[in-house]
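What follows is one structure encoded as structure tokens, with my remarks underneath.
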Amino acid sequence: MNGIWKNSMSCLRIGKMPQRCQSGCHPMAPLGSRILTDPAKVFEHNMWDHMQWSKEEEAAARKKVEENSAVRILLEEQVKYESEARKYWDTFYKIHKNKFFKDRNWLLREFPEILPVDQKNEEKATELSWDHAKTNPANCFSRMHCHAMPEEKSHCKKSSGLSDSQSKAGSNFSNLDSEKHRKGPLKTELFPGSNATFRILEVGCGAGNSVFPILNTLQNAPESFLYCCDFASGAVELVKSHSSYRAAQCCAFVHDVCDDGSPYPFPDGILDVILLVFVLSSIHPDRMQGVVNRLFKLLKPGGMLLFRDYGRYDKTQLRFKRGHCLSENFYVRGDGTRAYFFSEGEVHNMFCKAGLDEKQNLVDRRLQVNRKKQVIMHRVWVQGKFQKPLQLTQKSSKLVFSLFSHS
């Protein structure tokens, strides 16, 4: 990693970064809009968007990964990290509670699909500035729409609000006996959010760093309901004990997405949005496809799965020392938690194989700056939006074609 920093610093100091800093091909999707046009000003901000790597930087990153992955952890230890994954994350949240990660106040700028259609229009009309958003967390999202690919928004009907029965179902869910859940799906009239017309699920909610920014915004959308799950029970308890948690509009529950036989507290095919942000990377690569396949079943036709996670050669990957590599691009941290680093192609193959249509899939490269230490670091993330097709059977498609051909 030091090699990349030194190379970047030398380029910045002598002003030899015109292609990286002035690229005209950066995506016009949100992903930030602070473009570094003058290398001399690199330390004026903490982050720069849409950075391009030089060939030398990419080669240095590749070499670093080859070095830190040359020694693999023994298979016996790998089995331990897999079988005890829950324990490591429970310990993580027991130590750090909700102090480790910052709230993801950028979510609705990157993923406006999280909001129901009517509220998206309302948010756009307010045209909140980012300066205002930072001083008022409850209204912290200005509207920006991605044009990288056409996106078909999920449609929802208006509702006058949550009924008493829905609120009661949400508050009582945590008290239901878990063994009863395993005997079969909940009855339609009992499951949390049954009266909602727009439903969101966040997988791997942690301590609620996405949950509460979303809930703050959904206060103006009483017809919406947010589900959130994590397989670390300590994390779920942190969410449910938060002062902003509202059982009338949110259901937090413990769930292992790798366990295909474990039921969700709602039926398949009812979700408008699934949020999968920095969670798939913590799962063993051999199990990722199964997770995505299962999530596909939860979406309604036209529903969106929103993904963001670590990209190949992110500074986190380059910082790993020898002896921490489990398999190719898959590492274990000192606390026993794991991280995988994705390529754009891997993301495409995984979600499309599950049956989803790709609406957006791009690599987000940024330059993170430590102004105090005068150090720069490359951040690399992969972001994607994938939609469940509107289910049109072959027979129906032939009928529609026939009707149009004779009209």
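The values are calculated or read from the model by the stated rules, or taken from the named source; none is laboratory data. Nothing here was measured: the structure is a model prediction, and the numbers come from that model. A quick note on method: Cβ atoms are made from the backbone with ideal geometry, for glycine too, and the neighbour counts reach across all protein chains shown. Quick note on the areas: whole protein, heavy atoms, side chains included, nothing else; ligands and nucleic acids left out. Shrake-Rupley method; radii C 1.70, N 1.55, O 1.52, S 1.80 Å.
All told, Cys251 meets the bar of being crowded, with 21+ Cβ neighbours inside 10 Å and within 23 Å of Lys388 (Cβ to Cβ).
Which of the residues belonging to region 356-384 are touching a residue at least 60 places away in the same chain (Cβ under 8 Å), farther than 27 Å from Pro39 by Cα and open to solvent by 10 Å² or more (accessible area, probe 1.4 Å)? Within region 356-384, Glu358, Lys359 qualify.
What's the total number of residues in region 313-331 that are touching a His at 6+ places or on another chain (Cβ under 6 Å) and either modelled with pLDDT under 95 or open to solvent by 10 Å² or more (accessible area, probe 1.4 Å) (or both)?
Residues that pass the stated criteria total 1.
Among the residues of region 85-120, those that are assigned to a helix (DSSP H, G or I), at pLDDT 80 or above and open to solvent by less than 40 Å² (accessible area, probe 1.4 Å) comprise Ala85, Tyr88, Phe92, Leu107, Leu108, Glu110, Pro112, Glu113, Ile114. Note on region 212-315: enclosed strands (runs of 3 or more DSSP E) holding 1 or more residues that are among the acidic types (Asp, Glu) are 224-230, 271-277, 299-310.
For region 51-62, the candidate set comprises residues that are in contact (Cβ under 8 Å) with a residue 60 or more places away in the chain and not hydrophobic (A, V, I, L, M, F, W, C); within that set, the residue that is surrounded by the most Cβ atoms within 10 Å (Cβ to Cβ) is Glu57. Lys321 fulfils the conditions (1) in a strand (DSSP E or B); (2) over 14 Å from the mean Cα position of the chain (by Cα) except for a single criterion, (1). When every residue of region 39-50 is checked against the conditions, at least one turns out to be surrounded by fewer than 18 Cβ atoms within 10 Å (Cβ to Cβ), over 22 Å from the mean Cα position of the chain (by Cα), at pLDDT below 85 and among the hydrophobic types (A, V, I, L, M, F, W, C).
Number of residues in region 64-84 that are assigned to a helix (DSSP H, G or I) and touching a residue at least 40 places away in the same chain (Cβ under 8 Å) equals 7.
Restricting attention to region 178-223, the residues that are among the hydroxyl-bearing types (Ser, Thr, Tyr) and either modelled with pLDDT of 95 or more or open to solvent by 10 Å² or more (accessible area, probe 1.4 Å) (or both) add up to 4.
Checked against the criteria, Arg246 counts as under 15 Å from Cys228 (Cβ atoms) and either small (Gly, Ala, Ser) or open to solvent by 10 Å² or more (accessible area, probe 1.4 Å) (or both). For region 337-355, a residue qualifies if it is without any contact (Cβ under 8 Å) to a residue 40 or more places away in the chain and among the hydrophobic types (A, V, I, L, M, F, W, C), and exactly one does: Cys352. If the requirement is being at pLDDT 95 or above, closer than 20 Å to Ala60 by Cα, touching a strand residue (DSSP E or B) at 6+ places or on another chain (Cβ under 7 Å) and among the aromatic types (Phe, Trp, Tyr), which of these qualifies: Phe307, Phe351, Phe341? Answer to the check: Phe341.
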